[in-house]
């Protein structure tokens, strides 16, 4: 059983890779020729949402994973939100974008050179630019257009039983754009596609992803009182860490 699951996971990610190549080299560049410039981001976003929703469903149907969504009503028709989540596994972003339409992810600039994802990243993702002004300008534009931005504040996959260390970019972006933050906690009942774990280490049973959508963090609530911008950013960052560290079923 364990061997069969390992082979299945390897096959599924081969399937994912082929799909990424088709989107990267055919669907995005060719389809983009027939879409007006102002509608291209929506076009690209819809393609990735549909493709990754389909892939998540395939993983569920094959018994590879099981997704349990808590407080799903909180992501219905959401727009212009900064969505933050912890990052226990490789496919977290695939699951989240498959669940939440009109969402864009922040990516490292190195991904632009990835042969599977390069064109997808350049066309759709928010690049983590070293120039803060450019990053905040792009963030404001994306949010004003009604898209959500998904960020993993840890910057990389988290290691179980270690303290979660957060970058403060998400808090900074939320304060600058005056946007509310939607925190999500992702919990896996089995270690799967974790940092330093081999892709074929799939265990013996479906991995359950419990995804808890927590209450929004209202950035305006942290601006009350005599606080500096740095203090406000730190307070928001602390709230983010608390909310994505564990699931709250409220």
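The values are calculated or read from the model by the stated rules, or taken from the named source; none is laboratory data. None of the values given here were measured: they were computed from a predicted structure. Note that we place each Cβ from the backbone using ideal geometry, even for glycine, and neighbour counts take in every protein chain shown.
Pick out the one residue from 156, 212, 190 that is within 24 Å of residue 92 (Cβ to Cβ), in contact (Cβ under 8 Å) with a residue 60 or more places away in the chain and surrounded by 13 or more Cβ atoms within 10 Å (Cβ to Cβ).
212
Which of the residues belonging to the range 24-49 are surrounded by fewer than 17 Cβ atoms within 10 Å (Cβ to Cβ), touching a helix residue (DSSP H, G or I) at 6+ places or on another chain (Cβ under 7 Å), in a helix (DSSP H, G or I) and without any contact (Cβ under 8 Å) to a residue 24 or more places away in the chain?
Of everything in the range 24-49, just one residue is surrounded by fewer than 17 Cβ atoms within 10 Å (Cβ to Cβ), touching a helix residue (DSSP H, G or I) at 6+ places or on another chain (Cβ under 7 Å), in a helix (DSSP H, G or I) and without any contact (Cβ under 8 Å) to a residue 24 or more places away in the chain, namely 31.
Which numbered condition in (1) part of a strand (DSSP E or B); (2) surrounded by fewer than 20 Cβ atoms within 10 Å (Cβ to Cβ) is the only one that residue 184 fails?
Of (1) part of a strand (DSSP E or B); (2) surrounded by fewer than 20 Cβ atoms within 10 Å (Cβ to Cβ), only one is false for residue 184: (2).
Looking only at residues in the range 196-214 that are in a loop (DSSP other than H, G, I, E, B) and touching a strand residue (DSSP E or B) at 6+ places or on another chain (Cβ under 9 Å), which one is nearest to residue 1 (Cα to Cα)?
Restricting to residues being in a loop (DSSP other than H, G, I, E, B) and touching a strand residue (DSSP E or B) at 6+ places or on another chain (Cβ under 9 Å), the top hit is 206.
Looking at the range 62-81, is at least one residue crowded, with 19+ Cβ neighbours inside 10 Å and free of Cβ contacts under 8 Å to residues at least 60 places away in the same chain?
There is no residue in the range 62-81 that is crowded, with 19+ Cβ neighbours inside 10 Å and free of Cβ contacts under 8 Å to residues at least 60 places away in the same chain.
Could you tell me whether the range 100-112 includes any residue that is farther than 18 Å from residue 187 by Cβ, part of a helix (DSSP H, G or I) and modelled with pLDDT of 80 or more?
no
Scanning for something part of a strand (DSSP E or B), modelled with pLDDT of 95 or more and over 17 Å from residue 2 (Cβ atoms), does the range 215-223 turn up at least one residue?
yes
Failed condition for residue 121, given (1) under 28 Å from residue 68 (Cβ atoms); (2) surrounded by 15 or more Cβ atoms within 10 Å (Cβ to Cβ), with all others met?
Going through the list (1) under 28 Å from residue 68 (Cβ atoms); (2) surrounded by 15 or more Cβ atoms within 10 Å (Cβ to Cβ), residue 121 breaks only (1).
Could you tell me whether any residue of the range 228-250 is closer than 30 Å to residue 61 by Cβ and part of a strand (DSSP E or B)?
Taking the range 228-250 first, the residues closer than 30 Å to residue 61 by Cβ are 244, 246-249.
Now narrow it down to the ones that are part of a strand (DSSP E or B): none.
Checked the range 228-250: no residue is closer than 30 Å to residue 61 by Cβ and part of a strand (DSSP E or B).
Only one of (1) in contact (Cβ under 8 Å) with a residue 60 or more places away in the chain; (2) farther than 28 Å from residue 147 by Cα; (3) surrounded by fewer than 19 Cβ atoms within 10 Å (Cβ to Cβ) is not met by residue 225, so which one is it?
Evaluating residue 225 over (1) in contact (Cβ under 8 Å) with a residue 60 or more places away in the chain; (2) farther than 28 Å from residue 147 by Cα; (3) surrounded by fewer than 19 Cβ atoms within 10 Å (Cβ to Cβ) leaves (1) as the failure.
When you check residue 53 against the structure, is it surrounded by fewer than 21 Cβ atoms within 10 Å (Cβ to Cβ), touching a strand residue (DSSP E or B) at 6+ places or on another chain (Cβ under 8 Å) and assigned to a helix (DSSP H, G or I), yes or no?
For residue 53, the condition - surrounded by fewer than 21 Cβ atoms within 10 Å (Cβ to Cβ), touching a strand residue (DSSP E or B) at 6+ places or on another chain (Cβ under 8 Å) and assigned to a helix (DSSP H, G or I) - is not met.
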